[in-house]
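The values are calculated or read from the model by the stated rules, or taken from the named source; none is laboratory data. Please read all numbers here as calculations on a predicted model, not as lab measurements. Here the Cβ is made from the backbone with ideal geometry for all residues, glycine too, and neighbour counts use every protein chain on show.
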Amino acid sequence: MKVSVVTPSFNQGQFIQRTLESVATQTRAEIEHVVFDGGSTDDTVDVLKRFGHGVKWVSEKDKGQTDAVNKGIRATDGEIIGWLNSDDVYYPGAIAHVIAFFETHPDVDVVYGMADHIDLSDHAFESYPTERWNMARLRDTCIICQPAAFFRRRVVEQHGLLDSNLQYCMDYEFWLRLAKAEVRFAYLESKLAGSRLYAENKTLGSRVKVHREINDVQKSLFGTVPDRWLWNYAHAVVEEHVDRTTSPRWFALRMLIAVTKAALHWNGRLSPEMRPGLSDLWRRFRNRARQC
């Protein structure tokens, strides 16, 4: 099997060498690695020029990460596609494990494995919360670590590329869209990748925007947003303005307001399952008010 690895990049010069090396050392398959860089102004292009190892790359202005990934998919022809961001890494043997599974499971279209969150120095500091495949769980939380996921090209041919309108949760929307279409997923109990988590990370730095986009995606695909994502959004909104440890009373009140507004905005109602949590917030606010 031929594997196409697509790397979107923009000003990731401090990491991209390690990303490239993690692909170049993979075995057992014919691997083409393409990098679509959005016109970096740091030393990314210098690293790409020096690296060699058959990596194909383009550096030009694009419309963002999603656009870069879609360009890479269209520019390649491997039967299996992997998407590896320019600050993430594959672990040794990752592609060999994936290919072995795909070869013995021709009916499976998406394979994802275990992964770690890694720091600036590539040290794993926690396991990414991946889980065995379960559609209901995927709706409640993203159990798939994007750099540890691989899919057959026929998936794209049948169900389309990433949604170019999305800036943050394009991978999550892709998994949800495929799951809704009853594409077969499989979980590989082997650590395949390191997903870098740091303060400047796009997702960590834009929590409210990320959660708003996730809720919009859930609403668009399924008509409703799970309660868990409504609570997550409310937490992100309130934590931008109130410190939970120093102002627990106002945190509780703002949370009650924020999650109610979120539920009404996306679902048009409060679910029965949400009411005990709201009652608890109101109780905490009143108890704190009495203490003041």
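Residue under question is Arg228, and the condition is that it be more than 24 Å from Leu138 (Cα to Cα) and among the charged types (D, E, K, R); does it hold? Here the answer is no, as Arg228 does not meet what is asked. Being out of contact with any helix residue (DSSP H, G or I) (no Cβ under 9 Å at 6 or more places or on another chain) and without any contact (Cβ under 8 Å) to a residue 24 or more places away in the chain holds for only one residue in Arg137, Arg154, Arg132, and it is Arg137. Among the residues making up the range 202-235, those that are of a type in the set (Gly, Ala, Ser) and within 23 Å of Leu162 (Cβ to Cβ) are Gly205, Ser206, Ser220, Gly223.
Checking the stated criteria, Ile144 turns out to be in contact with a Ser or Thr (Cβ under 7 Å, 6 or more places away or on another chain) and modelled with pLDDT of 95 or more.
Considering the range 1-22, the residues that are more than 15 Å from Asp42 (Cβ to Cβ) and of a type in the set (Ser, Thr, Tyr) include one that is nearest to the chain's Cα centre (by Cα), namely Thr7. If you go through the range 120-132 and keep only what is aliphatic (A, V, I, L, M) and part of a strand (DSSP E or B), you end up with just Ala124. Of the helices (runs of 4 or more DSSP H) that lie entirely inside the range 31-119, those containing 1 or more residues that are in the same structural domain as Glu182 (by TED's automatic domain parsing), of a type in the set (Gly, Ala, Ser) and buried (at least 17 other Cβ atoms within 10 Å of the Cβ) span 65-75, 94-104. Has the range 271-291 got at least one residue that is surrounded by 12 or more Cβ atoms within 10 Å (Cβ to Cβ), farther than 30 Å from Gly160 by Cα and among the acidic types (Asp, Glu)? So far as the range 271-291 goes, yes, one or more of its residues are surrounded by 12 or more Cβ atoms within 10 Å (Cβ to Cβ), farther than 30 Å from Gly160 by Cα and among the acidic types (Asp, Glu).
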